[in-house]
Amino acid sequence: MKVTAALFVALVVALFVDVPLAQAAGCATSSEVYQDPPSWAQKLVDPSRIWLLTKGTGQTVAIVGAGVDGSNPQFGHDQVLSSDDLVARPGGVADCDGRGTFAAGIIGAQPNDQTTFVGLAPGAHLLPVRYTAGSGDTNPGDPGRLATAITQAVHAGAGTILVDIPTTVDSPALDGAVAAALAAGSVIVSPAAGTQQGIVSYPTALPGVLGVGAADRNGVAVQTEAGDYIDVAAPGADLVSTSAGGFGHSWPIKDPSAAAAYVAATVALLRSHQPTATPAQIVNRLTLTASRASGGGRDPRLGWGLVDAYTAVTSQLPLTASGPGTSPTTAAAPALVPAAAPAQPPINSLVGGLALGGVALAALAGLITVTIRRGRERGWKVSP
């Protein structure tokens with residue numbers, strides 16, 4: 001095969017920065033369909049267990065970033081809502097960057113016979129809010145424009161706001177937009193996306209925001225960014241999800257920002273199951289139920305551990321918190337009471353009861369027999 005200079009450069013870039021080849025060469029696109037067994041991340045989350053209780057129905061998750069390609073067939077009819085863009089679409093493409101569609105798939109992709117990949121909360125609506133053109137935009141991101149995007153998501157009724165592409169610059173406008181969103185009852189999920197020392201992501205580091213770290217299949221942090229504002233972690237390497245530009249998938253993707261999509265989906269599931277929970281209570285529940293590493297302490301890059309969607313939704317845990325973003329100490333964390341196991345079918349209960357009854361009767365008969373024999377040996381007489 002003849003390899004041009006441009007293609008060679010694209011191959012090298014894709015190899016070393018862990019992005020799809022199509023994204024390195026231009027806009028992200030893929031026609032490949034993932035047909036391998038479910039990925040490690042999907043096995044870890046195991047959404048089918050949670051769907052017995054909730055699929056996120058009635059929830060709207062805003063994806064604030066570079067847009068979402070809602071034409072991918074794994075999104076349901078009218079599942080991806082329309083919204084106003086704050087920046088022009090490059091070339092008129094719905095999601096040139098590709099990350100928004102990838103995140104949207106992790107959250108809400110519908111089951112499809114052609115692939116084993118499926119989203120965690122397929123009952124949720126997805127609201128793309130574009131505030132940046134993506135990887136080609138000037139870095140750092142514009143915090144003022146991000147603030148406007150968050151406000152727009154709140155006004156559109158998003159109960160969960162995923163900041164898919166955070167900025168590295170804070171501003172009073174961003175602080176105010178985050179505070180107002182929390183007061184309005186929205187949960188803001190934002191990744192610690194920094195892969196260089198000293199990088200701080202915003203609004204990830206702001207009070208009340210659910211800060212998310214990323215881990216690989218071995219539990220090792222993917223991102224370099226660290227801080228006490230990271231609450232929980234989620235899969236961020238060797239990932240599979242929907243691709244922009246048609247019915248396709250991208251894999252294996254390594255992206256710290258993608259971890260936040262798993263957490264946003266979990267928030268949608270939890271909010272659907274616990275509709276009266278406040279943002280602070282949601283954060284508290286997710287941190288208390290996270291799968292902690294050995295030692296049980298807080299890790300500066302992974303927070304309180306990997307998010308456990310099933311336990312977060314099903315555990316009988318009081319939804320309490322002393323303030324926005326309250327995180328527990330291991331000593332103060334209440335004991336978790338897992339959900340009750342499904343009741344056995346009546347026939348099994350009946351058989352079990354008969355078996356136990358038979359054992360009891362046999363033991364009683366044996367005891368009577370032994371007692372009578374010993375009594376006769378000792379000359380006991382039974383009174384008439």
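The values are calculated or read from the model by the stated rules, or taken from the named source; none is laboratory data. These numbers were taken from a predicted model, which means no experiment stands behind them. Virtual Cβ from ideal backbone geometry, glycine too; neighbours counted across all protein chains shown.
Please verify whether ASP84 is more than 27 Å from ALA233 (Cβ to Cβ), surrounded by fewer than 18 Cβ atoms within 10 Å (Cβ to Cβ) and assigned by TED's automatic domain parsing to the domain that holds SER243, treating the condition exactly as stated.
yes
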Taking segment 176-202 and keeping residues more than 28 Å from LEU269 (Cβ to Cβ) and touching a helix residue (DSSP H, G or I) at 6+ places or on another chain (Cβ under 8 Å) leaves GLY176, THR195
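Is there a residue in segment 158-174 that is assigned by TED's automatic domain parsing to the domain that holds LEU302, touching a residue at least 40 places away in the same chain (Cβ under 8 Å) and surrounded by fewer than 23 Cβ atoms within 10 Å (Cβ to Cβ)?
The answer is no; no qualifying residue exists.
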Which number in (1) in a loop (DSSP other than H, G, I, E, B); (2) β-branched (Val, Ile, Thr); (3) crowded, with 22+ Cβ neighbours inside 10 Å marks the one condition that ILE150 misses? (1)
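Does LEU317 meet the test of being modelled with pLDDT under 95 and part of a helix (DSSP H, G or I)?
Details: modelled with pLDDT under 95: yes; part of a helix (DSSP H, G or I): no.
When the stated conditions are applied, LEU317 does not pass them.
Kindly evaluate ILE165 against the criterion of being within 21 Å of SER83 (Cα to Cα), under 17 Å from the mean Cα position of the chain (by Cα) and part of a loop (DSSP other than H, G, I, E, B). Working first, answer last.
On the way: within 21 Å of SER83 (Cα to Cα): yes; under 17 Å from the mean Cα position of the chain (by Cα): yes; part of a loop (DSSP other than H, G, I, E, B): yes.
Judged against the criteria, ILE165 is a match.
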Flagged in segment 270-301 as hydrophobic (A, V, I, L, M, F, W, C) and either part of a helix (DSSP H, G or I) or surrounded by 19 or more Cβ atoms within 10 Å (Cβ to Cβ) (or both), in numbering order, are LEU270, ALA277, ALA280, ILE282, VAL283, LEU286, LEU288, ALA290
Could you please let me know if GLY91 is within 30 Å of ASP170 (Cα to Cα), modelled with pLDDT under 95, in the same structural domain as HIS273 (by TED's automatic domain parsing) and part of a loop (DSSP other than H, G, I, E, B)? no
Condition test on GLY70, is it over 28 Å from SER201 (Cβ atoms), out of contact with any Gly (no Cβ under 6 Å at 6 or more places or on another chain), surrounded by fewer than 24 Cβ atoms within 10 Å (Cβ to Cβ) and not β-branched (Val, Ile, Thr)? no
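Given the criterion hydrophobic (A, V, I, L, M, F, W, C), closer than 19 Å to ILE188 by Cα and touching a residue at least 12 places away in the same chain (Cβ under 8 Å), identify the matching residue among VAL93, VAL64, VAL118, VAL87. Please lay out each step first, then the result.
Values: VAL93 fails: closer than 19 Å to ILE188 by Cα; VAL118 fails: closer than 19 Å to ILE188 by Cα; VAL87 fails: closer than 19 Å to ILE188 by Cα.
Sole residue among the options that is hydrophobic (A, V, I, L, M, F, W, C), closer than 19 Å to ILE188 by Cα and touching a residue at least 12 places away in the same chain (Cβ under 8 Å): VAL64.
Quick one: which of GLY123, GLY100, GLY56, GLY105 is part of a loop (DSSP other than H, G, I, E, B) and surrounded by 20 or more Cβ atoms within 10 Å (Cβ to Cβ)? Steps first, please.
Working: GLY123 fails: surrounded by 20 or more Cβ atoms within 10 Å (Cβ to Cβ); GLY100 fails: part of a loop (DSSP other than H, G, I, E, B); GLY105 fails: part of a loop (DSSP other than H, G, I, E, B).
Criteria check complete, one pass: GLY56.
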